[in-house]
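The values are calculated or read from the model by the stated rules, or taken from the named source; none is laboratory data. In this text, all values refer to a predicted model and were calculated from it rather than measured experimentally. Glycine gets a Cβ as well: all are built from the backbone with ideal geometry, and neighbour counts include every protein chain shown. When the accessible area is computed, the model is the full protein with side chains, heavy atoms only, and any ligands, DNA or RNA have been set aside. Shrake-Rupley method; radii C 1.70, N 1.55, O 1.52, S 1.80 Å.
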Amino acid sequence: MWSYFIRRIVIGIPTLWAIITVCFFLMRLTPGGPFDSEAPVPPEILTNLRASYHLDDPLWQQYFSYLGNLLHGDFGPSFKYRDFTVTELIAQGFPVSLQNGAAALVLAVVIGVFLGIVAALAQNTRRDYAVSAIAMTGIVIPNFIMGHLLILIFGLWLKDSIFQLPAGGWEDGAFANRILPVVCLALPYVAYIARIARGSMIEALHANYIRTARAKGLPFRTVVLRHALTSAMMPVVTFLGPATAFILTGSMVVETIFQIPGIGRYFVQGALNRDYTLVMGVTILSAALVIFMNIVVDMIYSVLDPHVRYDEAAS
Amino acid sequence: MQSVLDIKNLTVRFATADGEVAAVSDVSLSVGKGECLGIVGESGSGKSQTFMAAMGLLARNGRATGEVMFGYMNLLTAKEQTLNTVRGNKLAMIFQDPMTSLTPHMKVGRQLTEVLVRHCGLNAAAARTAAIEMLGRVRIPEAARRFDMYPHELSGGLRQRVMIAMALLCGPELIIADEPTTALDVTVQAQILALIRSTREEFNTSIILITHDLGVVAGLADRVAVMYAGRIVEIGDVDQIFNAPRHPYTKGLLACTPRLDDPATATLATIPGQPPNLQHLPRGCAYHPRCPYVMDRCRVESPKLLPTGAGQNACFLDDLDVRAAS
């Protein structure tokens, strides 16, 4: 299994290279450049800037020197935040997004799976409809509305009560400051996971082996948790692979609303500013995460479903 | 004979979008200690649902009324918790499709030991020993190795043996086998039937054998109940059912069985018509549209299951016989 794991990571490298290449040339094809701004820069300064960032070199030369730097772990200097390298920006922001994302992910999986099971066991009853309603709400309300709603409720209406929470800011990661953004980040995932878990749980409960387990006189809870849940988790895991990558790299909307110094905002700001190196940096980071999470998902499959085996002997 | 399972006036209804459907109507039967009772019928005759109701395994939309006594427990009214003290313990069931009836992500061994831990209070080590021993007793070669395998690593025949081992773990008084050989190859069928026969002798367990295969019943059962459209139409000793069937449906079923000594050119006998739609059962006897002996009375009145000879039969022809005799 480990040799398979390593093989998959090695295969991931050309994938990542392809993404880097496409992204690099797409960025350069986009009209505008990093030094276009509303107040035009004097031509002499512009020339100097372009020269210092090697923007006047032939494109292929820029591409290969970028790749060369990448191999040394150097993402280059940011075009916009001129005192920082991209590596520094990511090193500052990514841990924050990572912590929030991980917390939101755990919250989403625990609550989502729980709600999904509750709904599946009470299929087509009020309890089921209630869960579906919550899930639909979570999916339908976009997080820029949900974020403001949460601020309105916990920051304003419940002000001076024990439920009061900071409306924004980071305060170096104080617990109270994390609650609202994490909840806001988790809610849509709670909803998706609850819906997926409900569907797959209902399907699992109709399987013949569940009938066998019940005929064995096992308590219903054991039947559900031991015999049904594992198969029911497969679609959830499939969803979680790419979802994890996205949630860990931060949400531009949530981080903007709650003023959190993560890297989510760099996605959009970098693109708007034509900050070539910053966009490349965050793209490579999230692409690598997506590739990695897909490998992790395949690994988890082999744990959940013994049919899936990556041994040499089986292949 | 002391009976192990007593079913009285069992009716099973399913609520469907098109209204209620009675899958089982007013079925009464009992199984004696150590006896093997065969239940024969076409698909949809209610033979499986009768015992799904007894096991508390009806689908959500199913409701059972009547009485199913297992010892002193009425299985129909018992709470799930109480039911779970006998299910898989003294009352076990073997299902039709061994390919899908074992939990795919659990090793075979764990699926056996969890029964022992639950019902017999064994610890993990003792349960392992007992489970491997039972796998050996159902003639699974290399039982200890198979114990640590997943279901998909076993053949269909082996999986059905595992199911039988699972049923036998706690020394059940009654095993309900629902088409245990239907999904298997013919040669494997014979092995599984031989296994069921020998376990019955070895453990003195009562067996209910649900099947549509008359050959299976002939080889194993002491008594046979024939079901049609949710009712028992005839019940009696296996010899009587096979040699002197009374109900026209039983006669029809037997006539349909191909014989090896038939000439190769002989046409297969069939029962004309279709099994009835349970939602629109014909008035009177449910079999009358297909019955070659149909009388006016059969179209309006439903015959009751009454004692005749050594068994019971639900047909108005019996009345004629009685009158003719007197």
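Per DSSP helix of 4 or more residues, -39500 (n - 2.57); summed, then divided by the residues of chain B. What does that give at 222 nm, rounded to the nearest 500?
Only helices count here, giving -9500 deg cm²/dmol.
For segment B:133-154 and segment A:267-289, compute the distance between their C-alpha centroids and round to whole Å.
56 Å
If you line up the Cα atoms of chain A on their principal axes, what length do they span on each, largest first, in Å?
Principal axes ranked by extent give 84, 64, 30 Å for the Cα atoms.
Mind jotting down the distance between the C-alpha centroids of segment A:217-251 and segment A:1-68, whole Å?
Each part's Cα centre sits 38 Å from the other's.
What are the residues whose amide H is under 5 Å from the amide H of B:Glu173, where those residues sit 5 or more places off or on another chain and H is modelled from the backbone?
Excluding prolines and chain starts, which carry no amide H, the hits are B:Leu91.
Among B:Leu278, B:Leu76, B:Leu57, which one shows the biggest mean-square fluctuation in a GNM of chain B, springs joining Cα atoms closer than 10 Å?
Result: B:Leu57 has the largest fluctuation of those listed.
Just to verify a number: FRET efficiency for A:Ile9 and A:Leu67, C-beta to C-beta distance, R0 = 22 Å, to 0.05?
About 0.70, to the nearest 0.05.
Using Cα pairs closer than 8 Å and at least 6 residues apart in sequence, work out the relative contact order for segment B:100-169, in percent.
44 percent
Only helices at least 24 Å long along their own axis, judged from Cα atoms, and with Kyte-Doolittle mean hydropathy of 0.0 or greater: name those in chain A from DSSP H.
Counting only whole DSSP H runs, the qualifying helices are A:2-29, A:86-121, A:175-205, A:229-248, A:276-304.
Which residue, chosen from A:Ala176, A:Gly93, A:Pro188, occupies the Cα position most advanced towards the positive end of the dipole of chain A, where the dipole is computed from +1 (Lys, Arg) and -1 (Asp, Glu) charges on Cβ about the Cα centre?
A:Pro188
Run the numbers on segment A:291-308: which residues show a drop of 20 Å² or more in accessible area, chain on its own versus all protein chains together, using a 1.4 Å probe over heavy atoms?
A:Pro306, A:His307
Sort A:258-271, A:94-107, A:61-74, B:134-147 for me by packing, meaning the mean count of neighbouring Cβ atoms within 10 Å per residue, highest on top.
Ranking, from highest mean packing down: A:258-271, A:94-107, B:134-147, A:61-74.
Could you please put A:Glu88, A:Glu255 in sequence from largest to smallest accessible area, using a 1.4 Å probe?
Highest to lowest solvent-accessible surface, that is A:Glu88, A:Glu255.
Between A:His227, A:His206, A:His148, which gets the highest mean-square fluctuation from a Gaussian network model of chain A, Cα cutoff 10 Å?
Result for chain A, Cα springs under 10 Å: A:His206 fluctuates most.
Measure off, as a whole percent, the carbon and sulfur share of the 1.4 Å-probe accessible area of the protein assembly as shown, all protein chains present.
61 percent
Counting each DSSP H run of 4 or more residues in chain A as -39500 (n - 2.57), what helix-only mean residue ellipticity at 222 nm follows after dividing by all residues, to the nearest 500 deg cm²/dmol?
-23000 deg cm²/dmol
Over the whole of A:232-238, what's the average partner chain Cβ count within 10 Å per residue? Rounded to a whole number, please.
For this peptide, the per-residue mean of nearby foreign Cβ atoms is 0.
Choose one answer from B:Thr16, B:Thr267, B:Thr250: the residue with the largest mean-square fluctuation in a GNM of chain B with alpha-carbon springs under 10 Å.
Fluctuation is largest for B:Thr267.
Mind checking which aspartates and glutamates have their Cα closer than 12 Å to the Cα of B:Lys8? Skip sequence neighbours fewer than 8 apart in that chain.
B:Asp26, B:Glu67
From other protein chains only, count the Cβ atoms within 10 Å of every residue's Cβ in A:215-226, then give the mean.
Per residue, the average neighbour count from other chains is 6.
Can you tell me which of A:76-83, A:180-187 comes out highest on packing, and rank the rest after it, using the mean Cβ neighbours within 10 Å?
With the highest mean Cβ count within 10 Å placed first, the list reads A:180-187, A:76-83.
Helix by helix, which DSSP H runs in chain B go 20 Å or more along their axis at the Cα atoms and have an average Kyte-Doolittle hydropathy of -1.0 or more?
B:186-203
Along the charge dipole of chain B, Cβ charges K/R +1 and D/E -1, which of B:Ala64, B:Leu278, B:Ala221 sits furthest on the positive end?
The Cα lying farthest towards the positive end belongs to B:Ala64.
How much accessible area per residue does the protein assembly as shown have, in Å², with a 1.4 Å probe?
It amounts to 48 Å² per residue over the protein assembly as shown.
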